[in-house]
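S.K.: Once you've had a glance at the structure underneath, I'll fire off some questions.
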Amino acid sequence: MNMRKSANLVLLLVAAVFCYGLQISKPHYGELIGPIPARGKLGDTVVGRAFEVHAEKVEFARKLTVDQFGQQRVLTTGGVWAVVTVEIAARSESTTIGVASWRGPTGLTYDQTERLSFMNGLLPVAIDPGLPRKARLIFEVRPDEASDATLLVSEKLVAALDSQAEIALGPVAVAADGLPAGTVDMLDMAQPL
Amino acid sequence: MLESARSRLKAWTVAGIGTAAAIAVAGVLGAFGARHEPLPVLAPASPIDTGEWLLRPLKAYVTVEKYAYGTLLKPGGKALVLEVEMTNRTAKSTKDYFDVLQASPATVDPATKPFIVLTRDSTMSPELHPGMPERMAYIWQLPDGAAAPASFNLTVIRKTYKPRDNLYGLPGWFNPTPAGTLTIPVGAGPDSPDIQP
């Protein structure tokens, strides 16, 4: 009788430990319904469910010049401007690409800047199958988040259970002034893509 | 009859003791103390941590111009401008700063929502990015005919991080609570010097 009691107690403890192990090791709901990554690197064509994206080049600049209603404006930043030129196309039906983020090596995530909302060619862009179009994705990032970053592109903000392109942008050397190597002083956004 | 009265008395006594014990436990846990605790007074010259933001008030002034940082103001009215350096402490770009500073109802009508502008290029309420301090201006329209105050009170609201919220299981900042109050002197105009730490 006493034997059975202690056996039950041991069984109870084992069950508790097992349940705790399941709780801490299994993915949580938020991770299960998160975006589905489609991975690639700079120069690849990354294919998601409804769109494909090809990152051509990354440029860094201290300032941007933009045309606003026929006037030229210079935009400064507390960090550095990162401009990624991409080509995107829809796969089987027309859709819209709405969200792009820059994820630095430490995981800090920089959304596309909202300071150029008046400019043409920024997200959201409508894309159609068989008609690839180019776009500029413009970010303000901290200079130490420029190297080994990942570009995230998805159709909408909550890309639950849908594709999110994750494009590795590769290492970037650091110049003497702390900015990424090859940072230009001024980048003209009015230039054709 | 007597028996029934006795058992009723017993029931009332037990219920009374239970209630008293519950209230006593709540009191020990601080249920009554929290409400009456006065808010801490924050120093305007030192950085203020609200969880999501690191705030450093720079200056406040009253303007009668037509535009303040590109924002069209009511003609003939006055506007209170507070310039503050904000640093996003989180890992993601966010614009969750609309309720972080609340001007005292003695100065600003509580129904008046401030315009929040990036002073760098007068962008209206842009997302601010992790670890990049930016100078922002909160612009409150003052009530008609109000005189320019010599100083005003602000309540700072802080939020707490939850790795998983109760509804969607996603991370976020929740439960806004007042973190403290601070008094900011109102300078003469846009050229008044910044508050030095």
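S.K.: State which residue pairs qualify: first residue within 14 Å of another protein chain (Cβ to nearest Cβ) and inside region A:16-34, second residue among the charged types (D, E, K, R) and not in a helix (DSSP H, G or I) in any location, beta carbons under 8 Å apart, and separation of 6 or more residues or different chains.
M.R.: The qualifying pairs are A:28/B:164; A:29/B:164; A:30/B:164.
S.K.: Against the condition open to solvent by less than 60 Å² (accessible area, probe 1.4 Å) and modelled with pLDDT under 90, how does residue A:68 come out, does it pass?
M.R.: Against the criterion (open to solvent by less than 60 Å² (accessible area, probe 1.4 Å) and modelled with pLDDT under 90), residue A:68 qualifies.
S.K.: Same structure again: Within region B:30-42, can one find any residue that is without any contact (Cβ under 8 Å) to a residue 24 or more places away in the chain and among the aromatic types (Phe, Trp, Tyr)?
M.R.: Yes, the conditions are met somewhere in region B:30-42.
S.K.: Out of B:25, B:84, which single residue is closer than 28 Å to residue B:101 by Cβ and out of contact with any Cys (no Cβ under 7 Å at 6 or more places or on another chain)?
M.R.: B:84
S.K.: Just one of A:141, A:153 is within 14 Å of chain B (Cβ to nearest Cβ), crowded, with 21+ Cβ neighbours inside 10 Å and out of contact with any Lys or Arg (no Cβ under 9 Å at 6 or more places or on another chain); which is it?
M.R.: Result of the check over A:141, A:153: A:141.
S.K.: Please work out if residue A:40 is open to solvent by less than 50 Å² (accessible area, probe 1.4 Å), within 14 Å of chain B (Cβ to nearest Cβ), of a type in the set (Gly, Ala, Ser) and outside any loop (DSSP other than H, G, I, E, B).
M.R.: In short, no.
S.K.: Based on this model, can you work out whether residue A:158 counts as at pLDDT below 95 and within 11 Å of chain B (Cβ to nearest Cβ)?
M.R.: yes
S.K.: Let me ask something additional. Please pick out the residue among A:115, A:91, A:103 that is within 8 Å of chain B (Cβ to nearest Cβ) and either among the β-branched types (Val, Ile, Thr) or out of contact with any helix residue (DSSP H, G or I) (no Cβ under 6 Å at 6 or more places or on another chain) (or both). Reasoning before the result, please.
M.R.: On the way: A:91 fails: within 8 Å of chain B (Cβ to nearest Cβ); A:103 fails: within 8 Å of chain B (Cβ to nearest Cβ).
Result: A:115 is the single residue among A:115, A:91, A:103 that is within 8 Å of chain B (Cβ to nearest Cβ) and either among the β-branched types (Val, Ile, Thr) or out of contact with any helix residue (DSSP H, G or I) (no Cβ under 6 Å at 6 or more places or on another chain) (or both).
S.K.: Please report, ordered by residue number, the strands (runs of 3 or more DSSP E) entirely within region B:86-197 with at least 1 residues that are more than 14 Å from chain A (Cβ to nearest Cβ), open to solvent by 40 Å² or more (accessible area, probe 1.4 Å) and closer than 30 Å to residue A:73 by Cβ.
M.R.: Correct list: B:115-118.
S.K.: For region B:69-85, what are the residues that are among the hydroxyl-bearing types (Ser, Thr, Tyr) and not in a loop (DSSP other than H, G, I, E, B)?
M.R.: Across region B:69-85, the qualifying residue is only B:71.
S.K.: Of the residues B:130, B:149, B:143, which single one is at pLDDT below 95 and in contact with a strand residue (DSSP E or B) (Cβ under 9 Å, 6 or more places away or on another chain)?
M.R.: None of the others qualify; the one that does is B:149.
S.K.: While we're on this one: For region A:43-64, what are the residues that are open to solvent by 10 Å² or more (accessible area, probe 1.4 Å) and in a strand (DSSP E or B)?
M.R.: Those that are open to solvent by 10 Å² or more (accessible area, probe 1.4 Å) and in a strand (DSSP E or B): A:45, A:47, A:52, A:54, A:56, A:57, A:58, A:59, A:60, A:62, A:63.
The values are calculated or read from the model by the stated rules, or taken from the named source; none is laboratory data. Just so it is clear, the model here is predicted, and its values are computed rather than measured. No Cβ is skipped: glycine too gets one built from the backbone with ideal geometry, and neighbour counts run over all protein chains shown. The protein model used for the area step is the full one, side chains on, heavy atoms only, and it has no ligands, DNA or RNA in it. Shrake-Rupley method; radii C 1.70, N 1.55, O 1.52, S 1.80 Å.
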